[in-house]
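Peer 1: This is the structure I have questions about; it appears just below.
The values are calculated or read from the model by the stated rules, or taken from the named source; none is laboratory data. Being a predicted model, the structure only gives us computed values, none of them experimental. Here Cβ is always computed from backbone atoms with ideal geometry, including for glycine, and neighbour counts include all displayed protein chains. Ligands, DNA and RNA are excluded from the accessible area calculation, which covers all protein heavy atoms including side chains. Shrake-Rupley method; radii C 1.70, N 1.55, O 1.52, S 1.80 Å.
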Amino acid sequence: DDAIWSLDAEGTLTISGEGKYNVPYYNAPWLAYKENIKNVVIEEGITNIPWASFYDLFNAVSLSIPSTVASIDTYYNNGFAEIKVADGNNYYSVIDGVLFNHDKTELIMYPAKKADETYTVPDGVTILGSYAFYLSENLKTVNISDDVTTIEAYCFNCASIENINFGKNVEVVEFNAFPSTKLKTM
């Protein structure tokens with residue numbers, strides 16, 4: 001009840017207020033303007049990003065997350081080319097536009113529209129999270145570092161990835177980690 005949204009003439013969707021916000025499943029009120037939305041800015045005070053908040057924003061480029069966000073549901077929220085996190089966020093961090101937990105041990109969300117065709121998971125990451133590479137459009141090859149031990153369910157769901165090079169320490173690959181991909185080699 002304490003969150004509001006606005007869309008300016010330049011195509012920036014801003015969500016502001018205090019605490020958690022909720023949106024109807026696959027039916028956020030800003031979807032009526034989805035063609036116009038280029039950037040999403042969540043302002044300080046908002047504490048969560050719910051499931052499918054940014055579903056169907058095909059023209060959106062960047063997502064800016066404030067220091068106050070402590071919870072992000074990755075399902076249908078990765079349709080950007082870049083993710084930014086404000087300094088002082090105690091839950092999340094970013095390396096080259098890719099979202100990680102604060103201590104960078106879990107890759108949470110690779111932006112689906114990021115232009116790179118090859119991505120190497122950084123050393124120190126031990127978990128590739130659920131829906132981490134969901135709907136990745138341009139990514140063709142993922143190199144998984146030797147530090148990764150777990151690949152969670154739906155990690156590569158509906159991704160355009162063709163090649164995955166596993167590190168030597170992957171111990172757990174959860175159910176449906178690779179559904180609807182274009183994988184040719186692992």
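Peer 1: Which of the residues spanning the stretch 146-159 are within 13 Å of residue 133 (Cα to Cα) and either β-branched (Val, Ile, Thr) or open to solvent by less than 40 Å² (accessible area, probe 1.4 Å) (or both)?
Peer 2: Selection gives 151, 153, 155, 156, 157, 159.
Peer 1: Only one of these conditions is not met by residue 150: (1) without any contact (Cβ under 8 Å) to a residue 24 or more places away in the chain; (2) farther than 29 Å from residue 58 by Cα; (3) not hydrophobic (A, V, I, L, M, F, W, C). Which number is it?
Peer 2: Evaluating residue 150 over (1) without any contact (Cβ under 8 Å) to a residue 24 or more places away in the chain; (2) farther than 29 Å from residue 58 by Cα; (3) not hydrophobic (A, V, I, L, M, F, W, C) leaves (1) as the failure.
Peer 1: Which one of these is of a type outside the set (Phe, Trp, Tyr), closer than 16 Å to residue 98 by Cα and open to solvent by less than 20 Å² (accessible area, probe 1.4 Å): 112, 177?
Peer 2: Only one candidate passes the filter, namely 112.
Yes/no matrix, rows are residues, columns are (1) at positive phi; (2) touching a Ser or Thr at 6+ places or on another chain (Cβ under 6 Å); (3) not hydroxyl-bearing (Ser, Thr, Tyr):
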residue: 102; (1), (2), (3): no, yes, yes
residue: 107; (1), (2), (3): no, no, yes
residue: 113; (1), (2), (3): no, no, yes
residue: 118; (1), (2), (3): no, yes, no
residue: 122; (1), (2), (3): no, no, yes
residue: 131; (1), (2), (3): yes, yes, no
residue: 134; (1), (2), (3): no, no, no
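Peer 1: Given the residues 138, 101, 163, which is the only one that is over 19 Å from residue 61 (Cβ atoms), of a type outside the set (Phe, Trp, Tyr) and in contact with a Lys or Arg (Cβ under 9 Å, 6 or more places away or on another chain)? It would help to see each step written out before you state the result.
Peer 2: Working: 138 fails: over 19 Å from residue 61 (Cβ atoms); 101 fails: in contact with a Lys or Arg (Cβ under 9 Å, 6 or more places away or on another chain).
Every option except 163 fails the conditions.
Peer 1: Quickly run through the stretch 110-132 and pick out the residues that are touching a Cys at 6+ places or on another chain (Cβ under 6 Å) and either part of a loop (DSSP other than H, G, I, E, B) or of a type in the set (Val, Ile, Thr) (or both).
Peer 2: Passing the criteria: only 132.
Peer 1: If we scan the stretch 52-69, do we find a residue that is open to solvent by 10 Å² or more (accessible area, probe 1.4 Å), of a type outside the set (Gly, Ala, Ser), without any contact (Cβ under 8 Å) to a residue 12 or more places away in the chain and in contact with a strand residue (DSSP E or B) (Cβ under 7 Å, 6 or more places away or on another chain)?
Peer 2: Within the stretch 52-69, not a single residue is open to solvent by 10 Å² or more (accessible area, probe 1.4 Å), of a type outside the set (Gly, Ala, Ser), without any contact (Cβ under 8 Å) to a residue 12 or more places away in the chain and in contact with a strand residue (DSSP E or B) (Cβ under 7 Å, 6 or more places away or on another chain).
Peer 1: When the stretch 160-176 is examined, which residues are found to be in contact (Cβ under 8 Å) with a residue 24 or more places away in the chain and closer than 16 Å to residue 130 by Cα?
Peer 2: Hits for the stretch 160-176 are 161, 170, 174.
Peer 1: When the stretch 18-30 is examined, which residues are found to be surrounded by fewer than 17 Cβ atoms within 10 Å (Cβ to Cβ) and in contact (Cβ under 8 Å) with a residue 24 or more places away in the chain?
Peer 2: Within the stretch 18-30, 18, 19, 20, 22, 25, 26, 29 meet the criteria.
Peer 1: Moving on. Give the residues of the stretch 81-109 that are free of Cβ contacts under 8 Å to residues at least 12 places away in the same chain and open to solvent by less than 80 Å² (accessible area, probe 1.4 Å), sorted by residue number.
Peer 2: 93, 94, 101
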